[in-house]
Amino acid sequence: MRIGLRVDVDTFRGTRYGVPNLCKLFADFNITASFFFSVGPDNMGRHLWRLFRPKFLKKMLRSRATKLYGWDILLRGVLWPGPNIGEKLGHIIRATADAGHEIGFHSWDHYAWQVGIDKMGNDAIQKSLKRGVALLTRILNRPPSCSAVPAWKCNDQVLKEKAKFSFTYNSDCRGESIFFPIVEGETLSQPQIPVTLPTYDEVIGCNGISDHNYNDYILSLLQPKGLNVLAIHAEVEGIACLKMFEQFLREAQSKGAKFIPLGGFLTDSLRFERSVIIPKTIAGREGWVSCQAAVQ
Ligand SMILES: [Zn+2]
């Protein structure tokens, strides 16, 4: 059984501490994964505070957000402009590539994308993608080979703008199988590799799931014959939940699972189906999330 392993890196702190932690862990377990980097300003603190509504407060308490993210993330960009991650921590991104991991583009400004995508037109989307890809290209000395939107916030406009880049695939939604997206009747050539499993913050504290049984829960969701794609966060599994995640890797490998970068699934491209991407709400996450859906 193969598990596509995707690491989302949303913040300065996640890049600085979580990424090196995960690189070391992956080296110990002989794993290569896909890392999706946010490279522009880190304003994620604004995102987290903005969500201080009763429902989100409950989630913050449920997932113990200060433990998960740290106070520096919660304050980042709130009182002063956030630091530019790529300018300051490019060496960490390069070291991740040098360690053999697949490097993808996540965002220019994670916060701005998450809260603004509904109002962004083609030009704003293109500008945001271009700015981030340009900086990541400068850091890597080559363009990133793939991309994944922040917070699974994708729409048809985003798909059309992404088609102008040289991404071999994108991972912008939740779903069950690899597919070519259809936009306005046209099949795009960049396949989508959806995330199939829930993230830590979505399920922790719900339905009796705690740190004691979280790993078992995720292991129980794996599909021996289907597509398995797990998204972890440099800020969470790379820092606060590092020990627990190490145990997860050990248990999964002992059950015969092999972790691969998402691009490793692309060899079988003839079998990909065609689907559309639609917004849906999912348990444990605020607002809408892009999901794979059957063509009507
Ligand atoms: Zn993210």
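With the requirement that a residue be β-branched (Val, Ile, Thr) and either in contact with a strand residue (DSSP E or B) (Cβ under 7 Å, 6 or more places away or on another chain) or open to solvent by 10 Å² or more (accessible area, probe 1.4 Å) (or both), what does segment 176-199 give you?
Kept after step one, since they are β-branched (Val, Ile, Thr), are these residues of segment 176-199: 178, 182-183, 187, 193, 195-196, 199.
Selection gives Ile178, Ile182, Thr187, Ile193, Val195, Thr196, Thr199.
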List every residue pair whose Cβ atoms sit under 6 Å apart, with the two residues 6 or more apart in sequence or on different chains, where the first one lies in segment 193-220 and is closer than 17 Å to Val236 by Cβ and modelled with pLDDT of 95 or more and the second, anywhere, is of a type in the set (Lys, Arg) and open to solvent by 20 Å² or more (accessible area, probe 1.4 Å). Val195/Arg174
Kindly list the number of the only condition in (1) within 16 Å of the ligand (Cβ to nearest atom); (2) over 18 Å from Val19 (Cβ atoms); (3) in contact (Cβ under 8 Å) with a residue 60 or more places away in the chain; (4) not acidic (Asp, Glu) that fails for Arg131. (1)
Among (1) out of contact with any Asp or Glu (no Cβ under 6 Å at 6 or more places or on another chain); (2) surrounded by fewer than 21 Cβ atoms within 10 Å (Cβ to Cβ), the one test that Gln126 misses: (1)
Residue hits (segment 85-108; open to solvent by 20 Å² or more (accessible area, probe 1.4 Å) and either within 16 Å of the ligand (Cβ to nearest atom) or not in a helix (DSSP H, G or I) (or both)) are Ala99, Gly100, Glu102, Trp108
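The values are calculated or read from the model by the stated rules, or taken from the named source; none is laboratory data. Owing to the predicted nature of the structure, the values given are computational and were not obtained by experimental measurement. So basically every Cβ, Gly included, is an ideal-geometry build from the backbone, and we count neighbours across all protein chains shown. Each accessible area value is taken on the protein alone, full model and side chains, heavy atoms only, with ligands, DNA and RNA left out. Shrake-Rupley method; radii C 1.70, N 1.55, O 1.52, S 1.80 Å.
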